[in-house]
Amino acid sequence: MRYRFAIGESDRPDMPASSPTLRSLAKVLGLSRTTVSDALRGSPRVDPNTAQRVKKAAREAGYRRNPLAGALMSELRRSRGTAFRGVLAAIDFNEPDRPEAATRFHRELVLGAAGRAVELGFKVEKFLVGHAGVSVQRLDSILQSRGIHGVLLLPAWGEPDLSNLDWTRFSGVYTDYMIERPALHSVCSDHYRSMLAALQRLLALGYRRPGLFLQQHHDERLQYRWGAAFRAFQENQPGLHVIPPLIVQELTRGPFLQWFRRYKPDVVLGHDTTAIDWMESSGAEVPATHGFVCLNVLRQTRPCAGLDLLPRNLGARAAELLIAQLQRNETGIPEWPTTTTVAAHWVDGPTLRPAADTRL
């Protein structure tokens with residue numbers, strides 16, 4: 001049987017045409033609104049044959065469920081009628097091999113997302129997936145039972161896989177460069193642009209022999225953006241000495257000093273500020289003879305110049321994009337995933353010589 005719906009027909013003759021609603025579906029099907037709602041949500045309380053009939057009718061009518069409406073009712077029931085706040089789930093992956101320094105970055109991301117979410121009428125709750133956390137299947141059940149449809153994925157050290165979530169019910173944003181399972185919109189630091197800007201600043205300060213060290217996996221998971229920007233700058237700036245980057249599995253004193261003594265960089269860029277101690281043990285005087293720039297100031301263990309990757313700003317922007325999807329009723333895996341990037345902020349510090357001192 002094919003159901004005929006007067007799409008755009010209102011319950012009142014003086015009202016303008018509108019999209020199909022639960023009420024109009026229930027009226028045509030001869031069911032209660034509660035039964036139609038439960039059927040569309042996949043509730044086991046509805047007879048499977050009835051559920052199939054409701055879903056078929058909804059497809060034919062062009063009905064689209066609004067996840068915010070369901071979230072509103074769920075939250076009001078939980079909060080006993082207090083002020084409504086939509087809920088965003090911040091999903092973190094429990095990865096034993098992830099560097100401890102990443103914990104601070106994740107905390108700042110969540111703080112930024114939570115602050116902006118409150119301004120937009122939402123709140124953020126954190127969920128842990130994986131080792132010592134819930135499984136993806138269990139997470140799917142929790143989110144659906146809670147009426148949570150906005151999923152904010154925190155960066156993963158490995159390759160995250162949340163493809164087992166029923167994405168027809170969720171909107172998602174990943175706070176890193178790219179996620180393949182599934183391919184979602186993402187918000188991340190603009191590492192390439194930030195590296196070019198840092199090198200340009202160092203060039204203006206008179207440094208001519210910049211050197212870069214990286215942990216190999218760190219560069220790989222950023223799609224080689226740090227290293228690519230560094231090499232591109234070297235190749236296109238006359239007068240610079242080309243020094244090959246030191247890229248290692250794990251940064252240790254021996255390989256670093258071997259590289260430092262062989263290529264003699266006058267300024268070094270990297271994440272680990274322990275390298276400053278190694279430079280000084282080899283005769284460098286920071287900042288008198290050599291400079292140092294930390295590529296993520298959240299990882300510094302002593303005062304230095306560096307890049308603030310603005311994790312709170314990233315979290316805030318991710319929350320904005322996610323809430324916008326929910327408000328547009330856009331769920332599912334996007335056909336054209338997009339990436340929003342935010343350039344880092346330069347932080348002055350005592351590991352670079354003053355601007356007036358431009359010796360070669």
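Where a number appears in this text, it was derived from the coordinates with a stated rule and is not lab data. Since the structure is predicted, the reported quantities are computational estimates derived from the model, not experimental observations. Methodologically, a virtual Cβ is constructed for each residue, glycine included, from the backbone with ideal geometry; neighbour enumeration extends over all protein chains shown.
Some points to look at:
- Among the listed values (1) 178; (2) 231; (3) 163, the one matching volume of the Cα convex hull per residue in Å³ as calculated from this structure is (1).
- Given their separation in residues at 0.36 nm each and the Cα-Cα distance between them, residue 127 and residue 95 gain 10.2 nm when the chain is fully extended.
- Over the Cα atoms of the range 138-208, the radius of gyration divided by the Kirkwood radius equals 1.25; this is the Rg/Rh ratio.
- The magnitude of the dipole of the range 191-309, with charges of +1 and -1 set on the Cβ of Lys/Arg and Asp/Glu and taken from the Cα centre, is near 220 debye.
- Scanning residues 5 or more positions from residue 343 or on other chains, those with amide H under 5 Å from its amide H are 190, with H placed 1.01 Å from N in the peptide plane.
- Overall, the range 83-190 carries a charge dipole of about 520 debye about its Cα centre when +1 sits on the Cβ of Lys and Arg and -1 on the Cβ of Asp and Glu, all other atoms neutral.
- Distance from the range 24-52 to the range 112-191 (C-alpha centre basis), Å: 29 Å
- Helix axis angle, 253-263 relative to the chain longest principal axis, alpha carbon, degrees: 60 degrees
- Calculated FRET value between residue 134 and residue 49, using beta carbons and R₀ = 30 Å, to 0.05: 0.35
- For the options 310, 203, 298, a Gaussian network treatment of the chain with springs between C-alpha atoms closer than 10 Å singles out 203 as fluctuating the most.
- Dipole-positive endmost among 265, 25, 86 within the chain (Cβ charges, Cα centre): 25
- Spatial separation of Cα centroids for the range 290-339 and the range 229-255, in angstrom: 25 Å
- Of the GluC sites (Glu not before Pro) found in the range 193-300, those that fall in a DSSP loop while having at most 12 other beta-carbon atoms within 10 Å are 250, 285.
- Residue-by-residue Karplus 3J(HN,Hα) for the range 141-149, coefficients 6.51, -1.76, 1.60, Hz, glycine and proline x: 5, 5, 5, 5, 5, 8, x, 9, 10
- Cα long-axis angle, helix 311-327 against the chain (0 to 90 degrees, to the nearest 10): 20 degrees
- The 3J(HN,Hα) values that the Karplus relation (6.51, -1.76, 1.60; θ = phi - 60°) gives for the range 129-140 are, in residue order, 10, x, 3, 6, x, 7, 6, 5, 5, 5, 4, 4 Hz. Gly and Pro appear as x.
- Sequence-distant lysines (8 or more away, or on other chains) whose Cα lies within less than 27 Å of residue 55: 27
- Modelled label reach - residue 178, point 7 Å along Cα→Cβ, the range 201-221 residues with backbone N closer than 15 Å: 219-221
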